Amino acid sequence: VEATRVLELANDLAPGRGRINALLRDAYIADNRSDRALSAAQRAVRFDPSNPDYHVALAKLYADGRRDRDARSALIHAITLKNDVLEWHMLLGDICLRMGLYDNARSAYLSAETIDPNATAPHFALAQLLVIQGRLQDAVSSLKQTLMKNPENPEWHHRLGTLYEQLGNPAEAAESFQRAVEYGGDKPKYYSAYAKYSSGGAQRRGLVRRR
């Protein structure tokens, strides 16, 4: 609270500074004063519109308040200024997804994937988008292509098994869950998923991580 007061005094003495308002924004967030944080974030953008970080911080506050249209606009502005930050494209995709703008969400996730083809988040997001659209078989195809790039990712195998379950393909689900166990060490959810398809449970079958 004392630090916040110091920043408020600094802002009174030197109004119109983007940096001071950005610091004040963060102080208000730490103090759980969301309305004041939003006002400070808006001022930071107004006083320094060329700083993409300020637009992203404003977008996150808008998103927290479910002002998705404003959040999307702020993120698009930020990405226009700096387009190589994977997390910003992912956030834009998530907001578009929440708004039901599926084509825009897909474009944002694909942009994130282009920035880092090895990142897991864009692949999962794209598959989840297909699931939301009811395109389960396409989601399966998407994850299988992803696994060709990283065949030892247990989370992708687990997700693939879940999709096979939804499609009513128990043999394929069991195989995917088994691979999740083999590659995933002792993570309980992998054993739990595979145990449904194995006699005696996955752990007692002696499945171990492949070397």
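Table for the structure above
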item	result
Selection within segment 115-137 - among the small types (G, A, S) and either within 11 Å of the chain's Cα centre (by Cα) or not in a helix (DSSP H, G or I) (or both)	A119, A121, A125, G134
Scope segment 44-76; condition of a type in the set (D, E) and either within 24 Å of L7 (Cα to Cα) or more than 17 Å from the chain's Cα centre (by Cα) (or both); matching residues	D48, D53, D64, D70
Failed criterion for A171 (all others in (1) more than 23 Å from N83 (Cα to Cα); (2) small (G, A, S); (3) buried (at least 19 other Cβ atoms within 10 Å of the Cβ) hold)	(3)
Matching residues, segment 52-78, being among the basic types (K, R) and out of contact with any helix residue (DSSP H, G or I) (no Cβ under 7 Å at 6 or more places or on another chain)	K60, R66, R67, R69
Per-region count, segment 167-187, residues part of a helix (DSSP H, G or I) and either at pLDDT below 90 or among the acidic types (D, E) (or both)	3
Helices (runs of 4 or more DSSP H) wholly inside segment 48-111 containing at least 2 residues that are over 25 Å from Q133 (Cβ atoms) and among the aliphatic types (A, V, I, L, M)	52-64, 68-81
Residues of segment 85-104 that turn out to be of a type in the set (F, W, Y) and more than 13 Å from A121 (Cβ to Cβ), as a count	1
Every residue from segment 27-51 that is open to solvent by less than 80 Å² (accessible area, probe 1.4 Å), closer than 30 Å to T80 by Cα and of a type in the set (D, E)	D48
Scope segment 82-95; condition surrounded by 15 or more Cβ atoms within 10 Å (Cβ to Cβ) and either among the aliphatic types (A, V, I, L, M) or under 21 Å from L38 (Cβ atoms) (or both); matching residues	V85, L86, W88, M90, L91, L92, D94, I95
Scope segment 5-28; condition in a helix (DSSP H, G or I), among the small types (G, A, S) and under 20 Å from P49 (Cα atoms); matching residues	G18, A22
Selected residue (only one of L7, L24 is touching a residue at least 12 places away in the same chain (Cβ under 8 Å), open to solvent by less than 20 Å² (accessible area, probe 1.4 Å) and farther than 23 Å from E87 by Cα)	L24
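The values are calculated or read from the model by the stated rules, or taken from the named source; none is laboratory data. Keep in mind that this is a model prediction, so the values were computed, not measured. Note that each Cβ is placed from the backbone with ideal geometry, even for glycine, and that neighbours are counted across all protein chains shown. For accessibility, only protein heavy atoms count, side chains too; no ligands or nucleic acids. Shrake-Rupley method; radii C 1.70, N 1.55, O 1.52, S 1.80 Å.
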